[in-house]
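This report concerns only the one structure given below.
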2 protein chains.
Amino acid sequence: MSTSIRSIRVRDARFPLEAGHGSDAVHTNPIYAYAVCELLTDSPLVGTGLAFTLGHGNHLVCQAIEPLAKRLVGREIEEVMAELGAINRAIADDEFYRWLGPHKGVVHLALAAINNACWDLFAKSRGVPLWRALLDLSPEALVATLDLSYLEDVVAPSQAIELLRRESPTRGQREPILGSGYPGYDTSVGWFNYSDDVIETNVRRAVDAGFGAMKLKVGSKDPARDIRRAMLVRRLAGDDATIMTDANQQWTLPQAMSVCKELAAIKPYWVEEPTHPDDVQAHRVLAEAIAPIAVAMGEHVPNRVVFKNYLLARAASIIQVDAVRVGGVSEFLAVALMARQFGVDVVPHVGDMGQIHQHLVLFNHIALGHRASFLEYIPHLKSHFVTPARVEAGVYVTPQVPGSSSELK
Amino acid sequence: MSTSIRSIRVRDARFPLEAGHGSDAVHTNPIYAYAVCELLTDSPLVGTGLAFTLGHGNHLVCQAIEPLAKRLVGREIEEVMAELGAINRAIADDEFYRWLGPHKGVVHLALAAINNACWDLFAKSRGVPLWRALLDLSPEALVATLDLSYLEDVVAPSQAIELLRRESPTRGQREPILGSGYPGYDTSVGWFNYSDDVIETNVRRAVDAGFGAMKLKVGSKDPARDIRRAMLVRRLAGDDATIMTDANQQWTLPQAMSVCKELAAIKPYWVEEPTHPDDVQAHRVLAEAIAPIAVAMGEHVPNRVVFKNYLLARAASIIQVDAVRVGGVSEFLAVALMARQFGVDVVPHVGDMGQIHQHLVLFNHIALGHRASFLEYIPHLKSHFVTPARVEAGVYVTPQVPGSSSELK
């Protein structure tokens with residue numbers, strides 16, 4: 001029952017949001033955008049892979065997909081998966097595109113779309129949801145889908161296989177999550193440009209809907225505004241709520257040190273993207289200074305090598321790797337494996353609105369032994385997905401449709 | 001005598017090289033490519049700015065230039081220069097392109113072309129070569145051309161001004177370099193795919209031409225080949241020659257540790273790009289292990305923030321920042337300033353074939369007090385530039401034509 005890739009189709013899918021939605025300290029009127037790679041086959045199955053950007057530049061990612069993906073044409077999906085790690089590396093190191101990165105930016109985002117399309121097609125061809133396809137792979141087969149190059153000092157392929165084997169006997173203890181689901185957290189209570197009134201309505205709605213955790217955008221030029229809004233959310237959500245704050249990289253290190261000390265009053269669980277995402281050292285200094293408040297980041301970390309540097313420096317205690325922002329599900333898994341080696345939590349950023357990550361959290365928990373604390377939830381594109389993620393009473397419901405839930409209408 | 005920017009013209013300039021030229025451990029048949037931003041004005045002056053990539057992906061950089069540069073149309077160049085730092089930041093943070101980076105990849109390379117075009121036009125409008133235009137700026141005016149954001153912990157604007165003031169009284173001692181020039185080093189003796197015979201011919205020719213320093217490409221899958229060729233170059237060039245080796249990121253950390261120990265036999269001055277350019281920690285470990293051999297890198301470091309992390313970690317002792325690979329001359333200068341604060345040498349990589357950097361080395365030496373040890377020299381595109389850099393008896397001759405020497409025929 002082979003599924004052979006016949007051709008590549010690329011789609012530039014853009015979704016302007018309603019006023020205020022998605023706004024942060026950088027983006028006033030975000031346009032969510034997916035660079036979509038579709039793998040058409042000799043059967044009715046289509047593999048759909050997403051990469052996430054914001055707005056006008058998305059077409060540049062789209063243009064890079066076809067030339068990099070065409071090496072897959074004519075190949076059988078099971079055969080592709082058996083060497084997906086090597087394929088990822090070959091695409092990432094294409095000698096005529098490599099100088100646009102390497103391993104970051106437009107080309108690496110194109111790789112994300114291509115890699116994710118492979119995983120989607122693989123799960124569909126086996127007739128199972130992505131989480132099941134992942135759980136069914138042997139440690140050796142799983143590791144063959146990963147490019148672990150440049151991670152030799154922390155997680156060589158043999159160590160990755162060993163880790164998967166070590167966690168295997170206790171999988172049964174963690175499988176009940178498939179029935180119970182796991183909590184979502186609500187990112188949409190406190191977008192940057194929402195008025196206090198809107199925030200108030202949203203927090204009440206979130207609590208009523210069963211969310212025990214929610215996020216507020218900070219990073220204002222006026223720190224007093226950040227503090228005031230944080231106090232508001234804490235007051236409305238109550239002492240038991242888990243509250244996260246997100247500065248979207250807008251602080252310098254000295255500013256971050258100062259504002260975070262004030263934010264401590266509301267006992268946030270984490271401060272997200274406090275400063276420049278390339279600045280490992282600044283995050284390390286801040287993480288030490290504001291503990292036990294956690295530093296979370298990852299949506300703008302382009303690849304596993306930068307994540308390795310964050311982990312080695314103990315510069316972030318929540319890794320927000322995103323499969324539509326690094327080189328696809330394969331690189332997401334490489335980072336999740338590495339984080340597990342370091343004993344650091346993974347709470348994905350959801351450029352995909354949680355569609356793919358709802359599967360990956362299940363794999364991380366069951367196969368890698370990660371805690372499944374919660375997963376970000378953003379509802380703004382719900383109506384555009386064929387099988388939107390279901391969050392009921394604040395809990396992600398395990399998806400049962402074959403594939404990675406990535407299809408757009 | 002104002003010069004006003006009328007429109008933006010973009011050019012995708014590609015130069016396939018002859019067999020073997022430019023080859024390294026990654027690239028077999030490199031196509032050198034410039035994404036060119038031209039600022040057309042109300043006078044005959046045209047500002048030309050380059051960004052450097054290799055091959056097919058270059059058109060993606062070209063496409064990003066016009067939408068990001070159009071904010072310059074209608075503006076007077078002196079007025080632009082007075083706030084070039086703020087303009088760089090605004091372009092780098094354009095909310096609809098920022099998710100393609102931030103501050104790396106296609107968008108940041110487009111910024112390089114735009115920023116470099118401003119510097120070229122500025123020098124031309126003043127009728128002087130770029131090095132003179134730079135030296136004529138007051139410390140305050142120079143710092144206004146830089147985006148120093150996210151460097152607050154190591155070089156705030158006030159500290160940058162202070163550094164320039166501190167070096168000012170001793171400029172006269174360093175100005176003789178304008179008459180004497182400074183040495184080039186020959187990168188073209190040992191491209192990766194050259195046979196031993198070609199290397200032998202090249203080394204003899206380089207020595208005869210007056211070069212006291214030269215570079216060999218290593219990073220072979222067969223370390224014995226690297227060692228054999230390194231021995232060959234040392235034997236031919238003699239004990240007094242300065243020899244550098246360049247692995248183009250091809251080693252894992254364990255491989256780098258092992259090969260560098262063997263390479264020590266030929267006493268190389270530096271090992272360049274030993275491993276992944278995002279891996280600060282691996283460079284730090286290697287730098288400590290192989291001292292006094294220097295670790296050099298920078299052609300694939302996208303921005304000042306990553307360079308800051310290299311400097312803070314003491315992970316590289318030669319900073320090879322390249323103005324056509326980071327966000328232009330402005331970001332090059334920010335990195336050069338920061339390196340000076342750390343007492344670390346800058347020896348630029350020359351994606352521009354030394355055209356712009358021949359100016360910048362003079363500024364670094366005279367205004368910042370950097371050593372001017374030498375500058376890379378690659379002759380393969382000589383015939384394509386209007387005023388190609390002149391290296392005579394192994395020495396860069398100070399350019400006298402107005403502008404940044406960036407014009408292509």
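The values are calculated or read from the model by the stated rules, or taken from the named source; none is laboratory data. Just so you know, these numbers come straight off a predicted model, no measurement behind them. Neighbour counts are summed over all protein chains in view; Cβ atoms, including those assigned to glycine, are modelled from backbone coordinates with ideal geometry. The area values use the complete protein model at the heavy-atom level, side chains included, leaving out ligands, DNA and RNA. Shrake-Rupley method; radii C 1.70, N 1.55, O 1.52, S 1.80 Å.
Against the list (1) of a type outside the set (Asp, Glu); (2) within 21 Å of B:His357 (Cα to Cα); (3) within 9 Å of chain A (Cβ to nearest Cβ); (4) open to solvent by 20 Å² or more (accessible area, probe 1.4 Å), the condition B:Ser317 fails is (3). Looking at the stretch A:70-77, is at least one residue among the hydrophobic types (A, V, I, L, M, F, W, C), touching a Ser or Thr at 6+ places or on another chain (Cβ under 9 Å) and over 14 Å from B:Val106 (Cβ atoms)? Looking through the stretch A:70-77, at least one residue is among the hydrophobic types (A, V, I, L, M, F, W, C), touching a Ser or Thr at 6+ places or on another chain (Cβ under 9 Å) and over 14 Å from B:Val106 (Cβ atoms). Screening A:Asp24 with (1) at the interface with another protein chain (Cβ under 10 Å from one of its Cβ atoms); (2) in contact with a strand residue (DSSP E or B) (Cβ under 7 Å, 6 or more places away or on another chain); (3) without any contact (Cβ under 8 Å) to a residue 60 or more places away in the chain gives one miss only, at (3).
Just to be sure before I move on: is B:Val36 surrounded by fewer than 24 Cβ atoms within 10 Å (Cβ to Cβ) and in contact (Cβ under 8 Å) with a residue 12 or more places away in the chain in the structure I sent? Considered against the rule, which asks whether it is surrounded by fewer than 24 Cβ atoms within 10 Å (Cβ to Cβ) and in contact (Cβ under 8 Å) with a residue 12 or more places away in the chain, B:Val36 comes out as no.
Scanning the stretch A:148-156 for any residue that is of a type outside the set (Gly, Ala, Ser) and in a helix (DSSP H, G or I) turns up nothing. With respect to the conditions (1) closer than 28 Å to B:Arg304 by Cα; (2) of a type outside the set (D, E, K, R); (3) surrounded by fewer than 22 Cβ atoms within 10 Å (Cβ to Cβ); (4) out of contact with any strand residue (DSSP E or B) (no Cβ under 9 Å at 6 or more places or on another chain), B:Val280 falls short on a single one, namely (3).
The residues of the stretch B:42-58 that are open to solvent by less than 20 Å² (accessible area, probe 1.4 Å) and modelled with pLDDT of 90 or more, listed by number, are B:Gly47, B:Thr48, B:Gly49, B:Leu50, B:Ala51, B:Phe52, B:Thr53, B:Leu54, B:Gly57, B:Asn58.
To keep it simple, each residue is scored yes or no on (1) within 14 Å of another protein chain (Cβ to nearest Cβ); (2) buried (at least 23 other Cβ atoms within 10 Å of the Cβ).
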{"residue": "A:Leu236", "(1), (2)": "no, no"}
{"residue": "A:Gln249", "(1), (2)": "yes, yes"}
{"residue": "A:Leu253", "(1), (2)": "yes, no"}
{"residue": "A:Val271", "(1), (2)": "no, yes"}
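Restricting attention to the stretch A:136-145, the residues being assigned to a loop (DSSP other than H, G, I, E, B) and open to solvent by 10 Å² or more (accessible area, probe 1.4 Å) number 3.
Every test in (1) surrounded by fewer than 23 Cβ atoms within 10 Å (Cβ to Cβ); (2) within 23 Å of A:Asp147 (Cβ to Cβ) is passed by A:Val361 save one, and that test is (1). The residue of the stretch B:201-227 that is nearest to B:Val350 (Cα to Cα), among those that are open to solvent by 60 Å² or more (accessible area, probe 1.4 Å) and in contact with a Leu (Cβ under 9 Å, 6 or more places away or on another chain), is B:Val207. Right, B:Val80: under 22 Å from B:Arg11 (Cβ atoms), open to solvent by less than 10 Å² (accessible area, probe 1.4 Å) and away from chain A (no Cβ under 14 Å) or not? Here the answer is yes, as B:Val80 does meet what is asked.
Scoring A:Ala133 on the criteria (1) open to solvent by less than 10 Å² (accessible area, probe 1.4 Å); (2) touching a residue at least 40 places away in the same chain (Cβ under 8 Å); (3) more than 14 Å from chain B (Cβ to nearest Cβ); (4) assigned to a helix (DSSP H, G or I) leaves a single failure, condition (2). A:Asp352: in contact with a Pro (Cβ under 9 Å, 6 or more places away or on another chain), of a type in the set (D, E, K, R) and in contact (Cβ under 8 Å) with a residue 60 or more places away in the chain, yes or no? No.
Kindly indicate whether B:Lys124 is out of contact with any Cys (no Cβ under 6 Å at 6 or more places or on another chain), away from chain A (no Cβ under 14 Å) and more than 29 Å from A:Gln281 (Cα to Cα). The answer is yes for B:Lys124. In this entry, B:Ile5 passes the filter for residues that are closer than 18 Å to B:Ala113 by Cα, in contact with a helix residue (DSSP H, G or I) (Cβ under 8 Å, 6 or more places away or on another chain), away from chain A (no Cβ under 12 Å) and open to solvent by less than 20 Å² (accessible area, probe 1.4 Å).
Filtering B:Leu17, B:Leu68 for residues that are open to solvent by less than 50 Å² (accessible area, probe 1.4 Å), modelled with pLDDT of 95 or more and within 14 Å of chain A (Cβ to nearest Cβ) leaves a single hit, B:Leu68.
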